[in-house]
Amino acid sequence: GESVGLHLPTLSVQEGDNSIINCAYSNSASDYFIWYKQESGKGPQFIIDIRSNMDKRQGQRVTVLLNKTVKHLSLQIAATQPGDSAVYFCAEKGGATNKLIFGTGTLLAVQP
Amino acid sequence: GAGVSQSPSNKVTEKGKDVELRCDPISGHTALYWYRQSLGQGLEFLIYFQGNSAPDKSGLPSDRFSAERTGGSVSTLTIQRTQQEDSAVYLCASSPDVRNSGNTIYFGEGSWLTVV
């Protein structure tokens with residue numbers, strides 16, 4: 001029979017390597033950005049956020065970079081672990097709207 | 001609990017029936033969002049509430065969908081005359097004040113709806 005498969009971009013990395021997940025956002029007026037991690041069967045989990053007056057913010061093992069010139073956001077995960085395997089979404093908010101608009105997501109697969 | 005609570009976690013309903021999904025936001029959060037996520041897809045905005053202001057309903061896909069928020073806390077998303085394409089995970093989120101750009105938005109675990 002016909003099956004429905006995931007059509008998400010996939011990033012496959014080896015355990016211990018660094019991961020970089022990229023996101024292009026749409027609204028130049030957006031002033032707040034969030035990265036979420038979503039494991040199978042669960043709701044999105046907040047990872048890290050950044051405001052538009054910053055270009056870099058660091059958390060524990062994660063760093064978010066913001067390039068407003070090209071409307072690009074990235075999430076760097078240091079020393080990737082099997083528990084990092086999930087779908088990662090970027091989201092933008094602000095400007096004329098208070099909606100949180102999500103990107104399409106990237107599936108991170110960590111190989112042991 | 002400390003997080004956003006949604007019920008039911010799973011719901012199977014027959015086509016044409018009405019369903020109600022409930023969301024309990026984090027205590028003290030004035031902003032509440034509903035999103036829909038189809039299998040393998042991103043999150044689609046449906047509606048958000050901010051305090052006593054009129055809700056932003058611009059994401060509701062049809063007039064079969066409606067939502068209420070009573071007393072500025074609990075919210076109910078109602079889908080009337082369900083169709084098979086309504087099958088998805090319905091996610092609720094809350095935030096201290098959506099107008100303060102930068103307040104983190106926290107999600108519940110979602111209500112999985114299957115229309116047969």
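Of the residues A:F33, A:F46, A:F89, A:F102, the single one that is surrounded by fewer than 16 Cβ atoms within 10 Å (Cβ to Cβ), within 22 Å of B:S94 (Cα to Cα) and hydrophobic (A, V, I, L, M, F, W, C) is A:F46.
The selection criterion, being within 13 Å of chain A (Cβ to nearest Cβ) and in contact with a Ser or Thr (Cβ under 9 Å, 6 or more places away or on another chain), does not hold for B:V12. Against the definition (farther than 24 Å from B:E109 by Cα, outside any loop (DSSP other than H, G, I, E, B) and in contact (Cβ under 8 Å) with a residue 12 or more places away in the chain), how does A:N22 come out, yes or no? Here the answer is yes, as A:N22 does meet what is asked. For the stretch B:83-96, the set of residues classified as in a loop (DSSP other than H, G, I, E, B) and surrounded by 14 or more Cβ atoms within 10 Å (Cβ to Cβ) consists of B:S87, B:P96, listed by residue number.
When the criteria are applied in full, B:V116 meets the requirement of being in contact (Cβ under 8 Å) with a residue 60 or more places away in the chain and either in contact with an Asp or Glu (Cβ under 7 Å, 6 or more places away or on another chain) or buried (at least 16 other Cβ atoms within 10 Å of the Cβ) (or both).
For (1) open to solvent by 30 Å² or more (accessible area, probe 1.4 Å); (2) in contact (Cβ under 8 Å) with a residue 12 or more places away in the chain; (3) within 14 Å of another protein chain (Cβ to nearest Cβ); (4) in a strand (DSSP E or B), each residue gets a yes or a no:
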site: B:N52; (1), (2), (3), (4): yes, yes, no, no
site: B:S66; (1), (2), (3), (4): yes, yes, no, yes
site: B:G71; (1), (2), (3), (4): yes, no, no, no
site: B:T76; (1), (2), (3), (4): yes, yes, no, yes
site: B:R81; (1), (2), (3), (4): yes, yes, no, no
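The set of residues in the stretch B:1-11 that are open to solvent by less than 100 Å² (accessible area, probe 1.4 Å) and either part of a strand (DSSP E or B) or touching a Gly at 6+ places or on another chain (Cβ under 8 Å) (or both) comprises B:G3, B:V4, B:S5, B:Q6, B:S7, B:S9, B:K11. For the stretch B:15-45, the set of residues classified as in contact with a Gly (Cβ under 9 Å, 6 or more places away or on another chain), facing chain A (nearest Cβ under 10 Å) and either open to solvent by 20 Å² or more (accessible area, probe 1.4 Å) or under 18 Å from A:T104 (Cα atoms) (or both) consists of B:Y35, B:Q37, B:G40, B:Q41, B:G42, B:L43, B:E44, B:F45, listed by residue number.
The residues listed here are B:Q50, B:Q41, B:Q6; of these, the one that is at pLDDT 95 or above and out of contact with any helix residue (DSSP H, G or I) (no Cβ under 9 Å at 6 or more places or on another chain) is B:Q6.
Would you confirm whether or not the stretch B:98-109 contains a residue that is away from chain A (no Cβ under 12 Å) and touching a residue at least 12 places away in the same chain (Cβ under 8 Å)? Taking every residue of the stretch B:98-109 in turn, none turns out to be away from chain A (no Cβ under 12 Å) and touching a residue at least 12 places away in the same chain (Cβ under 8 Å).
The values are calculated or read from the model by the stated rules, or taken from the named source; none is laboratory data. These numbers were taken from a predicted model, which means no experiment stands behind them. Here Cβ is always computed from backbone atoms with ideal geometry, including for glycine, and neighbour counts include all displayed protein chains. In case anyone asks, the SASA skips ligands and DNA or RNA and just uses the protein heavy atoms, side chains included. Shrake-Rupley method; radii C 1.70, N 1.55, O 1.52, S 1.80 Å.
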